[in-house]
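Some notes on the structure that comes next.
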């Protein structure tokens, strides 16, 4: 039996890990408030600033985190660079679509996309990695598919924003696993690769007086530069949390982000929330409850087996 002295550091690490992960997901969940403040700026310009300023900020973090050697190795490996080129495009598409959705009053669809993302990951694992689905996983996927079908039939239009966000982020995570780099180094390389086209776009806009930075109100300039913090801070908090808490806990906490988006859309921004949408979300929440319960049970069983003599 552990003494209180030996238990304290583990408990402290666990609590700090939970707080860090919760902070990361909470920032993501409340980020629509920030993007809405930039509604006057075209989404492409916002994403371009997010890329360039994030790269500057992330490079500054590489030194105190002592990951310069890993960054240098990643830049020298053609295979790693090729993988990160693909993930860079995926993350740029995801950012652009998300910001466009938020500023065009499709925040509910965006939240739906991030709710179903874990289930999309399960499907991608089955189709691409040939993973076998457990019965609860299959049930959760079918319930989610039924929700999307119900929404499509009832509304007469396909929820493409939600699925595009879920698929782009799902493929991003899937391909990113192949690149042997940490989260910080990986995002630094991705923003580096994207900074050339983004920088050209911003310089062109500035020279032709169509860009907003340094020409519009000061608060818009500061907000555009601050997109780096909205990108890097959640990443760092998530990394800290992932190292200090169980994967099952982290998996359950990921729903904080879409829940924040959902509440903002309905309670703060007043997006239309019909009975059809209510039932769609009830189906999705039910699917996630099945999925999360199964994941938690499987994790605990694996941990018990690992600790058996």
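Taking the conditions exactly as written (part of a helix (DSSP H, G or I), closer than 27 Å to residue 119 by Cβ and touching a helix residue (DSSP H, G or I) at 6+ places or on another chain (Cβ under 9 Å)), does residue 191 satisfy them or not?
no
When you check residue 94 against the structure, is it under 26 Å from residue 262 (Cβ atoms), more than 17 Å from the chain's Cα centre (by Cα) and modelled with pLDDT of 95 or more, yes or no?
No; evaluated as a whole, the condition is false for this residue.
Would you call residue 84 touching a residue at least 40 places away in the same chain (Cβ under 8 Å) and under 27 Å from residue 33 (Cβ atoms)?
no
Identify, from the list 145, 162, 140, the residue that is touching a residue at least 60 places away in the same chain (Cβ under 8 Å) and assigned to a helix (DSSP H, G or I).
After ruling out the rest, the residue left standing is 140.
For segment 217-226, indicate whether the set of residues that are more than 27 Å from the chain's Cα centre (by Cα) and farther than 29 Å from residue 70 by Cα is non-empty.
Scanning segment 217-226, I find at least one residue that is more than 27 Å from the chain's Cα centre (by Cα) and farther than 29 Å from residue 70 by Cα, so the answer is yes.
List the helices (runs of 4 or more DSSP H) inside segment 197-299, counting only whole elements, that have at least 3 residues being within 17 Å of residue 54 (Cβ to Cβ).
218-244
Which ones in segment 72-83 are assigned to a helix (DSSP H, G or I) and surrounded by fewer than 21 Cβ atoms within 10 Å (Cβ to Cβ)?
Answer for segment 72-83, where residues must be assigned to a helix (DSSP H, G or I) and surrounded by fewer than 21 Cβ atoms within 10 Å (Cβ to Cβ): 72, 73, 75, 76, 78, 79, 80, 81, 82.
Kindly indicate whether any position in segment 84-104 is farther than 24 Å from residue 229 by Cα and surrounded by fewer than 18 Cβ atoms within 10 Å (Cβ to Cβ).
no
Just the residues that are in contact with a helix residue (DSSP H, G or I) (Cβ under 7 Å, 6 or more places away or on another chain), more than 19 Å from residue 255 (Cα to Cα) and in contact (Cβ under 8 Å) with a residue 24 or more places away in the chain, please, taken from segment 121-135.
124, 128, 134
For segment 201-213, indicate whether the set of residues that are surrounded by fewer than 15 Cβ atoms within 10 Å (Cβ to Cβ) and under 24 Å from residue 295 (Cα atoms) is non-empty.
no
Looking at segment 168-188, which of its residues are within 18 Å of residue 121 (Cα to Cα), touching a helix residue (DSSP H, G or I) at 6+ places or on another chain (Cβ under 6 Å) and not in a loop (DSSP other than H, G, I, E, B)?
168, 169, 170, 171, 172, 174, 175, 176
The values are calculated or read from the model by the stated rules, or taken from the named source; none is laboratory data. Everything numeric here is computed off the predicted structure, so don't read it as measured data. Counting neighbours? That spans all protein chains shown, and the Cβs are built from the backbone with ideal geometry, glycine included.
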